[in-house]
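Just so it is clear, none of the values below were taken in a lab; they were calculated from the coordinates. Here the structure is a predicted model, which is why all the values come from computation and not from measurement.
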């Protein structure tokens with residue numbers, strides 16, 4: 001065996017420690033926060049993740065934002081009663097009672113008379129009130145965004161949203177790069193009436209990302225194809241979004257949710273087919289790489305150059321005389337250039353400069369694919385309205401001006417997300433896993 005089980009295997013003791021560390025990292029689950037999001041002139045509102053059409057939009061009067069009373073109060077969980085004869089509204093929420101009358105600049109709050117910023121008034125058959133008074137009178141905070149001319153009325157508590165990412169660099173470096181993404185997601189969730197505090201968690205391994213989803217300590221994970229497939233297969237989460245990435249397929253640059261990888265040998269060499277390389281040396285980027293190991297192993301089985309022994313996984317040493325795991329595509333390319341190995345792999349999702357340099361100096365013997373791109377996997381425990389609101393927030397990254405957020409954070413060739421399913425997105429990967437006998441269920445140790 002190649003030691004991949006040792007790379008991903010979690011002993012019972014380590015698993016227990018991981019669960020404890022995840023609980024500490026997430027800070028536990030707060031109660032669901034309530035919020036209402038409105039924009040000046042917009043005839044719709046977001047109520048804790050649910051969109052609602054308005055018969056009359058919020059407006060500005062005397063430098064005060066006026067909002068429909070019933071929508072705000074009921075959106076925050078309150079009860080509203082209207083007395084048509086007295087043109088008076090009574091609001092009850094969390095033990096508080098407020099009475100407002102159309103045309104008056106005063107209100108009664110728990111038996112005490114208080115002043116309003118502006119008189120309550122009826123417009124288009126709805127009672128409008130100054131947003132700051134009614135929200136703060138009910139014990140909620142008002143967050144004004146002058147650039148968008150919008151307001152989020154929210155409880156003091158915020159819904160904790162944890163995003164897990166696979167460790168591609170030191171945790172401190174990833175967390176620093178994550179700050180703009182965290183702010184963006186918090187803002188987008190706020191637009192949907194969900195006050196949120198977004199946290200990023202960076203585990204020690206890809207297995208840790210899967211376990212974070214599995215034990216409900218992460219709401220969403222941004223993952224490579226292999227661990228994302230594993231999360232789906234083990235019931236830890238659902239693939240909801242697939243990345244469209246800037247890749248090179250053969251000689252053409254494309255935006256696609258898939259790509260290919262290629263077996264290459266020196267261009268000035270004599271080898272013209274993989275079968276000629278029996279007993280030679282090969283470099284693979286990593287034993288946990290989808291395009292650099294899973295696909296190539298499956299392709300060797302397809303070509304009849306490798307076969308499984310019993311129910312175990314295929315071993316490239318059955319075909320090659322020596323096998324090197326270089327730690328990356330660039331490292332394997334260096335090994336090939338220096339004559340340390342006879343064949344290696346290059347993939348269409350590496351930097352375009354490296355890809356074209358490799359292909360300009362090598363001969364392609366075989367290719368495998370399509371290899372699925374990275375994706376966003378949602379925890380099984382993440383329910384609506386937060387689930388759909390978080391999906392919409394991630395899809396908001398599709399705007400070209402927001403693309404750098406993902407590129408800086410975890411995916412340097414990100415273009416956009418598209419809705420997908422595990423069955424559709426991972427079809428090619430599953431084929432290669434079945435051919436090579438790489439059983440994910442053995443790698444996390446139940």
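Starting from the eigenvalues of the Cα gyration tensor, five times each then square-rooted, give me the equivalent ellipsoid semi-axes of the chain, largest first, whole Å.
They are 57, 22, 16 Å, listed largest first.
Principal axes first, then extents: for the Cα atoms of region 107-171, list largest minus smallest coordinate on each axis, whole Å, largest first.
Reported extents, whole Å, longest axis first: 58, 28, 20.
Over 25 Å apart: what share of the alpha carbon pairs of region 258-372 falls there, rounded to a whole percent?
Every Cα pair in region 258-372 considered, those over 25 Å come to 13 percent.
Translational diffusion coefficient, Stokes-Einstein: compute it for region 37-154 using the Kirkwood radius over C-alpha pairs as Rh, at 10 °C and 1.306 mPa s, and state it as an integer in µm² s⁻¹.
Approximately 112 µm²/s, per Stokes-Einstein.
How big, in percent, is the set of alpha carbon pairs in region 301-429 lying more than 20 Å apart?
Above the 20 Å cut-off, region 301-429 has 64 percent of its Cα pairs.
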